[in-house]
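Here's the structure, in C-alpha cells; my notes come after.
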Amino acid sequence: MSYPYQIKSAAQYQDAYKKSKEDPEGFWSEVAEGFYWRKKWDKVLDWNFSEPKTEWFKGAKLNITENCIDRHLEKMGDKPAIIWEPNNPEERTRVVTYNRLHKRVCQFAQVLKNNGVKKGDRVCIYMGMVPELAYAVLGCARIGAIHSVIFGGFSAQSIADRLYDANAEFIVTCDGAYRGNKDIPLKSVIDDALIGNRTVKKVIVYTRTRTPVSMIKGRDVWWEDEMEHAEHQVEQEGKVTFPAEEMDAEDPLFILYTSGSTGKPKGVVHSCAGYMVYTAYSFVNVFQYEPGDIHFCTADIGWITGHSYILYGPLAAGATTMMFEGIPTWPDAGRFWDIIDKYKVNILYTAPTAIRSLMGFGLGHVHGHKLDSLKVLGTVGEPINQEAWNWYDENIGKGKCPIVDTWWQTETGGILISNMAGITPAKATYATLPLPGVDPMLVDENGKEIEGNNVSGNLCIRHPWPSIIRTTYGDHERCRLNYFSAYPELYFTGDGAYRDEEGNYRITGRVDDVLNVSGHRLGTAEVENAINMHAGVVESAVVGYPHDIKGQGVYAYVIFEHVHGDENLTRQDILQTVTRVIGPIAKPDKIQFVPGLPKTRSGKIMRRILRKIAEGEMENLGDTSTLLDPGVVDEIKKGKL
C-alpha cells in the first residue's frame, strides 16, 4: 500500500507546507482522496472560531471501520493488524490479522445491536489492554455508536461522573485486568460506579482474569456467550458480513474525557471524517511508516495517544500495530527491549516519563538486547528533557534512529508539531516544525501576535485542521470558553512555547491551571476538589513542581482543621481520599500542612507564589503587598517539604 499523502523529502515538506498555507482546502482535499468514501464531500471546510464551529468534508458519507479494515482485506487480509503482547511474558501472544479483525469487529457490532445499542448511543468502555478492547471500540464505530473509553486506573466516582455526563446506557468491561504484578478488579469498580445509576441498561463483561464477579440478571451479560450467538448471525456460507452504518462526515465518533481547569472533567468530541484523515496522515508522515513496519505505541487506549496511534491512525494506514497489556518495568525493566527484539519492532513511541524511569534502572537491562530492528523513536505526552533525549538516542536508537518529539493534545486529535523521521531535522527538547496543514503562532497576554524568531509566547493555532475538537459533550459553551475565548478567532492550546532562530517550536509547559503529570493532564481544581472532600480539610491549593521521573509532580498545600497525632497518617488518609475520588494517577507527591494560603483581598489564591516555593525559589516571590496576610508566606516557606 502506498500513501499518496506521504512526504518523502525536506523539499517536499516545504512545498506541502506552502500549499497548505496558500490553499488549505485544496491541500486537504488531495490528502482525503487517499481514503474510501461512500459519497464525496460537497464542501471541504466550513468554519467560524467565534461560535466555534468547524465542519470538514461537509456532506461526505463514510464509515471509519471500512477505512480501517474492509478496504485492506483483498490485498492484506492475512497480514497482522494487531500484535498483542500479554502482561505475563509466559502467556501466549495473539496475532490478529485484518481478516480476523474484520470478523471480530463484525461479531461485536452484532452483539451491540443484539443488546439494543443503536447509532448515536453512548457506550462506555472500561477494559484492560486486550484485543477485545479494540474490537469493542471498532464495533461501536461500525454501528455508529459513540464510544467513550475510560482508562482502567480511574476510580468508581470518576467513572460515575463520566457515565452521567455522557448519559451512557451501555458499558463494556472485563472481570479484571493484569498490570504488572497487580490484578485490577474492573467489574467491581463498574459495580460501585453504577450504584444509584438509572441510565445504564446493559453491561457486557469479557473474561480476562477469572476474578469472581457479581452478575446482575437482566443487566450483565458475558462477552463470550454474546459473541458465540453473534457468530452465527454474521457468518453466512463461510463469509462474514455486517454492513457498516453510513455516517455523516461530522457525526461524532467518540468522546474522550480530559481534565479541565474546573473540577468537572470535559468530554472532548471528535467526528468521523476529519479525525480519520488527520490521524492516518500524521501517522504516516511523522513516523515515516512503510508497509510491513511494526509500530509499537506503548500508551493505553484509555488516552488519546492510544486512540490515534495504536488504533485508528495505524489501521487506516493498513499498518501492523502492537498492543501491550503490561508495564515497562515488569517482570523487570528490560520488558520494552524484550518486546522490540521478540517482534522486530521498527517504530517505538513512548513517554518521556517511561524513558526517565527506565534510565533509573541503569543500562544492565538494555545490554544483551540487539534493538537493531528499530528505525524510528518517538516521544509523546510532555516535553522531553535533554538528558532523557540523549539516553534514548544513544542507548536505544544507537545514534541511528531519528527521534520524533511530538506535540499535540486530546483536543487536537493528532500530532500538530513534530519533526518527520529522517525528513525534517530533529532538535533535542524541541517539537520543531508544524506539519503541513497546521498554522501555529505565538501571542502575548493581550492576544497580539509575537512575530520573528528567538521569541516566547502563548501557543495558538490560526486555522482549523481536520481533527480539531468539535465540541465538549453536552456543553458547547464550555468548548468555546476553554479554547476559543482567550484570544478571538484563535484556538488557544493552553501551552507556552519558544520559537528559535530557525522557527522550531519548544513547548515550555502549561500556562493555565492544568498540570502535566507523566504525560497525563490533571486540572488543579479537580485535585483540590478531591482533597477537600476529606473530612478534616478546610481548604487546599495544588501546584506543579519539577519531578525527576514524572516531569511534573503534584505539590498540595492543605489547611487541616486539626491534625490528630501522626502527620504522615493524615497524609495517607488524604491520598486515600484522592484515590477514591479520581484514581491513583492524581495522588499528590507532597502534602504540606499550612496555617493559611496566600490570598488577595478579593479571595484569589496566588498560585504563582505557591509554585515558586514548591520549586524551591524562596527569594524572588514578586510583590506580596497585595496579599490579605503577607505573613502567611513566611510560614509556608518555613514548612516547605
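Data for the structure
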{"item": "Lone qualifier among Ala81, Ala145 - being in the same structural domain as Ile190 (by TED's automatic domain parsing) and surrounded by 17 or more Cβ atoms within 10 Å (Cβ to Cβ)", "result": "Ala145"}
{"item": "Strands (runs of 3 or more DSSP E) enclosed by segment 285-353 - at least 3 residues per element that are under 17 Å from Val96 (Cα atoms) and in contact with a helix residue (DSSP H, G or I) (Cβ under 9 Å, 6 or more places away or on another chain)", "result": "294-297, 320-324"}
{"item": "Residue ID - farthest from Met441 (Cα to Cα), chosen from residues in segment 3-26 that are under 27 Å from the mean Cα position of the chain (by Cα) and assigned to a helix (DSSP H, G or I)", "result": "Tyr13"}
{"item": "Within segment 593-602, tally of residues that are in contact with a strand residue (DSSP E or B) (Cβ under 6 Å, 6 or more places away or on another chain), of a type outside the set (Lys, Arg) and assigned to a strand (DSSP E or B)", "result": "1"}
{"item": "Set Glu22, Glu33, Glu74, Glu91: member being out of contact with any Phe, Trp or Tyr (no Cβ under 6 Å at 6 or more places or on another chain), within 26 Å of Tyr483 (Cα to Cα) and surrounded by fewer than 15 Cβ atoms within 10 Å (Cβ to Cβ)", "result": "Glu22"}
{"item": "Meets criteria (buried (at least 19 other Cβ atoms within 10 Å of the Cβ) and either in contact with a Cys (Cβ under 6 Å, 6 or more places away or on another chain) or free of Cβ contacts under 8 Å to residues at least 24 places away in the same chain (or both)) for Thr493", "result": "no"}
{"item": "Hey, Leu459 outside any loop (DSSP other than H, G, I, E, B), aliphatic (A, V, I, L, M), in contact with a Lys or Arg (Cβ under 7 Å, 6 or more places away or on another chain) and at negative phi or not", "result": "no"}
{"item": "Selection status of Thr173, surrounded by fewer than 18 Cβ atoms within 10 Å (Cβ to Cβ), within 23 Å of Asn88 (Cα to Cα) and touching a helix residue (DSSP H, G or I) at 6+ places or on another chain (Cβ under 7 Å)", "result": "no"}
{"item": "Residue among Pro436, Pro402, Pro425, Pro440 that alone is more than 20 Å from the chain's Cα centre (by Cα) and surrounded by 24 or more Cβ atoms within 10 Å (Cβ to Cβ)", "result": "Pro436"}
{"item": "Only one of Pro4, Pro86, Pro52 that is in contact (Cβ under 8 Å) with a residue 12 or more places away in the chain and either among the β-branched types (Val, Ile, Thr) or loosely packed, with under 13 Cβ neighbours inside 10 Å (or both)", "result": "Pro4"}
{"item": "Residue check for Asn181: of a type outside the set (Ser, Thr, Tyr) and within 11 Å of Cys124 (Cβ to Cβ)", "result": "no"}
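Yes or no, residue by residue, for (1) assigned by TED's automatic domain parsing to the domain that holds Gln409; (2) surrounded by 17 or more Cβ atoms within 10 Å (Cβ to Cβ); (3) within 30 Å of Gly59 (Cβ to Cβ); (4) of a type in the set (A, V, I, L, M):
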position	(1), (2), (3), (4)
Ile204	no, yes, no, yes
Arg210	no, no, no, no
Arg219	no, no, no, no
Gln236	no, no, no, no
Lys239	no, no, no, no
Phe254	no, yes, yes, no
Thr258	no, yes, yes, no
Lys266	no, yes, yes, no
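Rundown of residues vs (1) part of a loop (DSSP other than H, G, I, E, B); (2) at pLDDT 95 or above, yes/no style:
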{"position": "Thr209", "(1), (2)": "yes, yes"}
{"position": "Pro212", "(1), (2)": "yes, yes"}
{"position": "Glu226", "(1), (2)": "no, yes"}
{"position": "His232", "(1), (2)": "no, no"}
{"position": "Phe242", "(1), (2)": "yes, yes"}
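The values are calculated or read from the model by the stated rules, or taken from the named source; none is laboratory data. Everything numeric in this text was worked out from a predicted model, so none of it was measured. All Cβ positions, even for glycine, are placed from backbone atoms using ideal geometry, and neighbour counts span all protein chains on display.
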